[in-house]
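Peer 1: Can you keep this structure in mind? I'll have questions shortly.
The values are calculated or read from the model by the stated rules, or taken from the named source; none is laboratory data. The model shown is predicted, which means the values in this text are computed figures rather than measured ones. Please note: Cβ atoms are built from the backbone with ideal geometry, for glycine as well, and neighbour counts cover all protein chains shown.
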C-alpha cells in the first residue's frame, strides 16, 4: 500500500478509508485560505497524524472537527496550505512513482525552493544555480 496518497475533493470516503488502513491521506478540501487552495492531512490515529505532520515541518497543533462527510465522527487532521501542502503533494507524487522536478546542482524542488526563491531555468536546473537570480 502507498503510504502517502492524494485524494480529490469528492473522494473523502476513499481518503478516510486509506487513513483508517494505516496510510496518510492528503485530501483536497475545496476551500481556500488567503486565496490559496487548502487540503486536509488525515491519518488513522493521532500518533500517525503527528508523525506525518512532523515530516512536513508542522508541530504541536491539530484540529479536531466534525465534518458532515465524516459521519459526525470527530477526526483529528491538519489543514494544509503553502509550503507544507507542497511538501505533502511531493511525497504523494514520489510514492505514486511520478517524477518530481529537482535541481541537478543544489537539489531544490517546487516544495523547497532556494532561500530567497528561484524558478526553473531548465527542466533540471534552477535559476539560482544557472546564475539568473
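A quick yes/no check of all residues on (1) in the same structural domain as residue 25 (by TED's automatic domain parsing); (2) closer than 28 Å to residue 31 by Cα; (3) touching a residue at least 24 places away in the same chain (Cβ under 8 Å):
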residue: 75; (1), (2), (3): yes, yes, yes
residue: 81; (1), (2), (3): yes, yes, yes
residue: 110; (1), (2), (3): no, yes, yes
residue: 115; (1), (2), (3): no, no, no
residue: 125; (1), (2), (3): no, no, no
residue: 132; (1), (2), (3): no, no, no
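Peer 1: Mind listing whichever residues of region 18-34 are loosely packed, with under 14 Cβ neighbours inside 10 Å and in a helix (DSSP H, G or I)?
Peer 2: 20
Peer 1: Suppose we filter 64, 48, 71 for residues that are over 19 Å from residue 94 (Cα atoms) and modelled with pLDDT of 85 or more; which single one remains?
Peer 2: 48
Peer 1: Find the residue count for region 1-17, including only residues that are touching a strand residue (DSSP E or B) at 6+ places or on another chain (Cβ under 8 Å) and part of a helix (DSSP H, G or I).
Peer 2: Selection size over region 1-17: 4.
Peer 1: Is it the case that some residue within region 115-130 is touching a strand residue (DSSP E or B) at 6+ places or on another chain (Cβ under 6 Å), modelled with pLDDT of 85 or more and buried (at least 19 other Cβ atoms within 10 Å of the Cβ)?
Peer 2: For region 115-130, residues touching a strand residue (DSSP E or B) at 6+ places or on another chain (Cβ under 6 Å), modelled with pLDDT of 85 or more and buried (at least 19 other Cβ atoms within 10 Å of the Cβ): present.
Peer 1: Can you name the residue in region 35-45 that is assigned to a loop (DSSP other than H, G, I, E, B) and surrounded by 14 or more Cβ atoms within 10 Å (Cβ to Cβ) and is also modelled with the lowest pLDDT among such residues?
Peer 2: The extreme case among them is 44.
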